[in-house]
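Structure first, commentary second.
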Amino acid sequence: MIDELKKRKGFIAALDQSGGSSKKTLANYGITDINSDLEMFDYIHKMRTRIITDENFVDKYILGVILFRNTMERDIEGVNTVEFLKNKNIPAFLKIDLGLEIESDGVQLLKDIPNLDDILDEGIKYGVIGTKMRSVIHEYNEYGIKKVVEQQFKLAKMIIAKGLIPIIEPEVNINASDKKHIESFLKTEITKQLVKMKKDEYVIFKFTLPDVSNFYDSLMHYKNVVRIVALSGGYNRDKACELLKDNKKMIASFSRALLEGLNVYQSDEEFSATLKNSILEIYDASIKK
């Protein structure tokens, strides 16, 4: 699986909007009348089902999918979601974080995950191959950035011990006034952690598109690093793809940018055509440098 993830062309689709972001996602999709969390999760699963079952959502373009826990536990056409994806030769990753702490020292750390072992065991039972956890860096604060990196790698080692591949996501706010300096210090701290890892401790990094083109490419020199993927981070799809093309060793792991233009009221033909356009644009930006 490691070799396949390293060599296969494509991008990772992020379909992991959780309780905190699902309402906004659904509003963009055209659904605003939601009366309960159960109804919200039903709607979001129907949207994801429509995407995953589409004829354009195939392993030729999609390298992997990040899922929210609620999605992992549900079925698509009578088959568990992870198994359905596996039948399409698309591996699944599980979003494991439970949200973010209040901003402190210029960053938002991950909230504690007291039942992490149970979550990982459940993911293994369903057949996921890895996990994802997101922190956010808002300003240049060396102490805060160090805490983000230390927390991410501490969790990553626990995940690796379970035989899974962690996607480490220290998002940098695209509106940070000192974004370039944040990214420089972040990479330095990540490198310090990478040199301490064993050769068979594999990770994937998910970064905000950097201010300096190809800035994170050097991390691919470490055998531990399977892929470096990019989040769209608030950019629209065209802008995110434009920036991605300037980073030769990065591929996409877009969420909002992938869903852009999709609407619940579209006919099947309109929906499929819109999704195809999105997938092809993101794929091209990931592969054709």
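What follows is calculated from the coordinates using simple rules that are stated; it is not laboratory data. Predicted model only: the values in this text are computed from it and were never measured. Note that we place each Cβ from the backbone using ideal geometry, even for glycine, and neighbour counts take in every protein chain shown.
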- Look through the stretch 242-289, keep the residues that are of a type in the set (Val, Ile, Thr) and in contact with a helix residue (DSSP H, G or I) (Cβ under 7 Å, 6 or more places away or on another chain), and return whichever of them is surrounded by the fewest Cβ atoms within 10 Å (Cβ to Cβ). 264
- Query: Name the residues in the stretch 199-233 that are closer than 23 Å to residue 162 by Cβ, out of contact with any Lys or Arg (no Cβ under 6 Å at 6 or more places or on another chain), assigned to a loop (DSSP other than H, G, I, E, B) and not aromatic (Phe, Trp, Tyr), would you?
  - Reply: 200, 201, 224
- Note on the structure: Note: among 204, 190, just one is touching a residue at least 60 places away in the same chain (Cβ under 8 Å), surrounded by 14 or more Cβ atoms within 10 Å (Cβ to Cβ) and among the hydrophobic types (A, V, I, L, M, F, W, C), namely 204
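Conditions (1) polar (S, T, N, Q); (2) under 28 Å from residue 262 (Cβ atoms); (3) surrounded by 21 or more Cβ atoms within 10 Å (Cβ to Cβ), marked per residue:
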site	(1), (2), (3)
52	no, yes, yes
73	no, yes, no
89	yes, yes, no
151	yes, no, no
- Looking only at the stretch 132-145, which residues are in contact (Cβ under 8 Å) with a residue 60 or more places away in the chain and either polar (S, T, N, Q) or in contact with a His (Cβ under 8 Å, 6 or more places away or on another chain) (or both)? none
- Failed item in (1) in a helix (DSSP H, G or I); (2) surrounded by 15 or more Cβ atoms within 10 Å (Cβ to Cβ), with residue 143 passing the rest: (2)
- Query: Within the stretch 106-131, can you find the residues that are free of Cβ contacts under 8 Å to residues at least 40 places away in the same chain, buried (at least 19 other Cβ atoms within 10 Å of the Cβ) and over 18 Å from the mean Cα position of the chain (by Cα)?
  - Reply: 106
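Could you tell me whether residue 191 is more than 18 Å from residue 222 (Cα to Cα) and of a type in the set (Ser, Thr, Tyr)?
No; evaluated as a whole, the condition is false for this residue.
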